[in-house]
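The numbers here are math on the coordinates, done by the rules we state, and not lab data. Owing to the predicted nature of the structure, the values given are computational and were not obtained by experimental measurement. No Cβ is skipped: glycine too gets one built from the backbone with ideal geometry, and neighbour counts run over all protein chains shown.
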Amino acid sequence: MQELKSLIREVPDFPKPGILFKDITTLLGDPGGLRRAIACLVEPFQEAAIDKVVGIESRGFIFGAAVADRLGAGFVPARKPGKLPARTVRVEYALEYGTDTLELHEDALDGGQRVLIVDDLLATGGTARAAADLVAGRGAEVHALAFLVELDALRGRDRLAGHDIFAALHY
């Protein structure tokens with residue numbers, strides 16, 4: 001895992017002063033690193049009979065589609081409002097200063113399907129919680145949530161109580 005961490009650039013004071021941003025674009029640009037990161041996200045779920053992988057906009061699309069392919073599952077994008085062309089379902093969730101919204105196509109999931117939610121980073125857990133609520137609201141089962149990186153000090157895992165959570169890298 002240290003090898004993967006060495007491929008993640010840290011950018012101080014982005015997007016605002018005091019934040020040390022974990023920039024995964026350097027990992028994405030390394031073919032071996034990208035392959036290993038995807039393998040880390042796939043491995044715990046190879047025997048889980050996942051039907052769909054929901055990737056959270058936008059970096060969750062990168063990992064989620066690859067994970068879905070390797071698991072033999074379908075891929076479903078969870079998007080910001082106004083990005084999906086057909087009828088959608090949505091959930092609004094609280095941010096530190098305001099709210100945001102995630103949407104799925106209303107026909108993207110069927111009741112009883114086993115779903116893995118994938119994103120690049122677990123921070124405070126608000127977006128991941130919204131994605132889990134969207135999936136459950138469609139009658140599908142949230143099998144687990146998987147992240148490349150978890151920022152442990154922000155305790156996002158606490159907002160996802162009751163769900164299995166996997167993170168490849170911890171900071």
#### Entry: Positions within region 15-44 being more than 17 Å from the chain's Cα centre (by Cα), β-branched (V, I, T) and within 18 Å of Q2 (Cα to Cα), in sequence order
T26
### Summary
Per the filter on region 108-130, residues more than 23 Å from Y171 (Cα to Cα), touching a residue at least 60 places away in the same chain (Cβ under 8 Å) and of a type outside the set (A, V, I, L, M) are Q113, R114
### Message
Take E47 and tell me if it is among the charged types (D, E, K, R), touching a Leu at 6+ places or on another chain (Cβ under 7 Å), farther than 18 Å from D119 by Cα and loosely packed, with under 13 Cβ neighbours inside 10 Å.
### Response
no
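Give the residue, chosen from K83, K16, that is of a type outside the set (S, T, Y) and free of Cβ contacts under 8 Å to residues at least 12 places away in the same chain. Working first, answer last.
On the way: K83 fails: free of Cβ contacts under 8 Å to residues at least 12 places away in the same chain.
Unique residue meeting the criteria: K16.
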### Task
Just give me the residues in region 16-46 being part of a loop (DSSP other than H, G, I, E, B) and not polar (S, T, N, Q), in sequence order.
K16, P17, G18, I19, I24, G29, D30
### Task
Determine which single condition S58 fails, assuming it passes every other condition in (1) in contact (Cβ under 8 Å) with a residue 40 or more places away in the chain; (2) within 17 Å of F147 (Cβ to Cβ); (3) not charged (D, E, K, R).
(1)
### Count of region 117-171 residues which are of a type in the set (D, E) and more than 22 Å from L34 (Cβ to Cβ)
5
### Query
Out of the residues in region 136-166 that are buried (at least 21 other Cβ atoms within 10 Å of the Cβ) and of a type in the set (G, A, S), which is nearest to G126 (Cα to Cα)?
G156
### Task
Would you mention how many residues in region 47-76 are within 18 Å of E141 (Cβ to Cβ) and in a loop (DSSP other than H, G, I, E, B)?
7
### Message
Looking only at region 131-155, count every residue that is of a type in the set (G, A, S), free of Cβ contacts under 8 Å to residues at least 40 places away in the same chain and assigned to a helix (DSSP H, G or I) and tell me the total.
### Response
3
### Task
Return a yes/no flag: does region 91-107 have any residue that is in contact (Cβ under 8 Å) with a residue 24 or more places away in the chain, under 10 Å from the mean Cα position of the chain (by Cα) and surrounded by 14 or more Cβ atoms within 10 Å (Cβ to Cβ).
no
### Task
Output the number of residues of region 28-59 satisfying the condition of being among the hydrophobic types (A, V, I, L, M, F, W, C) and more than 30 Å from A108 (Cα to Cα).
0
